[in-house]
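Worksheet: one structure, shown below.
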């Protein structure tokens, strides 16, 4: 019996802070943060509350500790903080996940998150145990939508967030709701009039759905190779991600990722054909507009703008429920062999 695995100690927790800083923090982010000037002693924390606003963790399974008290987490996590000249580099880790955060500005005075990079072992996905970690923001217990790819393969999920400081929609407009629309447009789909009000304003910007701030340009080129290098070094067979929007799925495809579900691969192909039909009808689309057009398909049919209506396909991941658009990239010979017949 593998005792460490049974206790939830997976290879991902052995990734060092140095590896994360080297392979996942991009040159632009390092330039913004400046050099590391001090390091606090690592701490073991057990509360949901963080050290400042935005630093919180989660307790999705609502575990109650110490006689039923709230505000604690099922599994403690290790917290490491490195002060930099212009902010802080923070790493949180437990047995199944690490998260790295780059904060710009005075850490004691409302700093701005400019990079978040994480890898999570997927072995418990599809069971309630997946939600026991304090380092997930969304549940993964649904066995239909989040079952692991293959029982014989070690798989890890990547997630990445990178935005320039001072570039939030709310900073430019003073409108928190418009900012929330960019961050989570599907949450407005049940209010189609409000959705279309903001959709029409967003359409001619250069921001894609999910981009409530300006992307850091080198994150797109730096992230995938860095994640893959770490995953390979720690013995993982497969690396995965959940593609939140059309442009994210296309980015993943450009990096060699394939759809994990043949059904979703067909749905994505239908969406791509729909975009081609829109362009053929005389409506050119920028890269960001392609993603917005896909989001619009999830409106009630009568509210979809006529020029953008694909008459059928829906975007598969609304970032509200547990249905994900999983894509993956085999890293080992075993993964290539066992996954070759999936699509």
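Any read-out appearing in this document is the output of simple, stated calculations on the displayed coordinates, not a laboratory observation. Keep in mind that what you see is a predicted model, and the values were worked out from it rather than measured.
Hey, how many Å between the Cα centroid of the range 73-134 and the Cα centroid of the range 164-240? Distance between centres, Cα-based: 19 Å. Length gained on full extension, residue 194 to residue 70, computed as 0.36 nm times the residue gap minus the Cα-Cα distance: 41.0 nm.
Taking all Cα pairs closer than 8 Å and separated by 6 or more residues, the relative contact order of the chain comes to 16 percent. Enter the Cα centre distance for the pair the range 264-343 and the range 15-41, rounded to the nearest angstrom. Result: 35 Å between the Cα centres. Across the range 56-143, C-alpha contacts under 8 Å between residues 6 or more apart give a mean separation that, scaled by the residue count, equals a relative contact order of 29 percent.
Of all beta bridges that DSSP places with both ends in the chain, some 95 percent have antiparallel geometry. Between residue 14 and residue 51, full extension at 0.36 nm per residue minus the direct alpha carbon distance yields a gain of 10.9 nm. In the chain, the longest principal axis of the Cα atoms and the axis of helix 262-280 are about 40 degrees apart. Among beta bridges identified by DSSP and lying wholly in the range 113-248, the antiparallel ones come to about 75 percent.
Subtracting the Cα-Cα distance from 0.36 nm times the residue separation, let me have the gained length for residue 7 to residue 40 in nm, one decimal. That works out to 9.1 nm of additional length.
Labels on offer are (i) 72, 54, 43; (ii) 59, 45, 42; (iii) 60, 49, 43, and the one holding Cα extents along the principal axes in Å computed from this structure is (iii).
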